[in-house]
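The values are calculated or read from the model by the stated rules, or taken from the named source; none is laboratory data. Note that the structure is a prediction, hence the values are computed from the model and not measured. Note that we place each Cβ from the backbone using ideal geometry, even for glycine, and neighbour counts take in every protein chain shown.
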Amino acid sequence: MAGTREPFWWSLFAAGGAVAALLAPVQIALTGIVIARGWAGQSFTYDRALALVSHPLSRLYLFVLISLPLFHWAHRFRFTLIDLGLKWSRALVAGVCYGAAVAGTILAALVLIRF
């Protein structure tokens, strides 16, 4: 019996959903509201932000924050397209959706490694 890759994609879907539900709102609240409104004061200057993002654990956090929700999106979008009637091209839809998520993950890794 041939194995299927479906559990692998479902695990990335679940992990991406958990990250999107738990970490993304906190990150948006911190960077989009608290820091943008100046409530953090001088504790979050450019130099401190650069030092924080330069730390390997922060880069790992950002990689997870970016890449796992991409796979969550890919899985949802794939099944949305199939539900909308693209059943004749399941392999093509899966390739495009997961390919976009892989490309975004590689791009995120390259950006985080280079900077």
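So which residues in the stretch 3-41 are closer than 30 Å to A91 by Cβ, modelled with pLDDT of 90 or more and not hydrophobic (A, V, I, L, M, F, W, C), if there are any at all?
Correct list: S11, G16, G17.
Table: residues versus (1) surrounded by 12 or more Cβ atoms within 10 Å (Cβ to Cβ); (2) over 30 Å from E6 (Cα atoms).
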{"site": "W39", "(1), (2)": "no, yes"}
{"site": "F44", "(1), (2)": "yes, yes"}
{"site": "V53", "(1), (2)": "yes, yes"}
{"site": "I82", "(1), (2)": "yes, no"}
{"site": "G85", "(1), (2)": "no, no"}
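From the list R90, R78, which one is of a type in the set (K, R), surrounded by fewer than 16 Cβ atoms within 10 Å (Cβ to Cβ) and over 21 Å from A24 (Cα atoms)? Write out each step before concluding.
Numbers: R78 fails: surrounded by fewer than 16 Cβ atoms within 10 Å (Cβ to Cβ).
Testing whether each residue is of a type in the set (K, R), surrounded by fewer than 16 Cβ atoms within 10 Å (Cβ to Cβ) and over 21 Å from A24 (Cα atoms) leaves just R90.
With the structure loaded, tell me whether S58 is of a type in the set (S, T, N, Q) and loosely packed, with under 15 Cβ neighbours inside 10 Å or whether it fails that test. So that I can check it myself, show each step before the final result.
Values: of a type in the set (S, T, N, Q): yes; loosely packed, with under 15 Cβ neighbours inside 10 Å: yes.
Yes.
Which one of these does L68 not meet: (1) farther than 18 Å from V96 by Cα; (2) touching a residue at least 24 places away in the same chain (Cβ under 8 Å)?
That leaves (1) as the condition not met.
Is there any pair linking a residue in the stretch 86-115 that is without any contact (Cβ under 8 Å) to a residue 60 or more places away in the chain to one that is of a type in the set (K, R) and surrounded by fewer than 11 Cβ atoms within 10 Å (Cβ to Cβ), with Cβ under 8 Å and at least six apart or on different chains, and which?
none
Residues in the stretch 93-115 that are surrounded by fewer than 18 Cβ atoms within 10 Å (Cβ to Cβ), over 26 Å from S54 (Cβ atoms) and not β-branched (V, I, T): how many?
3
Residues are listed down the side, and each one gets a yes or a no for (1) under 28 Å from F79 (Cβ atoms); (2) touching a residue at least 12 places away in the same chain (Cβ under 8 Å); (3) touching an Asp or Glu at 6+ places or on another chain (Cβ under 8 Å):
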{"site": "A20", "(1), (2), (3)": "yes, yes, no"}
{"site": "P25", "(1), (2), (3)": "yes, no, no"}
{"site": "I28", "(1), (2), (3)": "yes, no, no"}
{"site": "R37", "(1), (2), (3)": "no, no, no"}
{"site": "V64", "(1), (2), (3)": "yes, yes, no"}
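Given F13, F44, which one is under 17 Å from the mean Cα position of the chain (by Cα) and either at negative phi or not basic (K, R) (or both)? Break it down stepwise before answering.
On the way: F44 fails: under 17 Å from the mean Cα position of the chain (by Cα).
So the residue among F13, F44 that is under 17 Å from the mean Cα position of the chain (by Cα) and either at negative phi or not basic (K, R) (or both) is F13.
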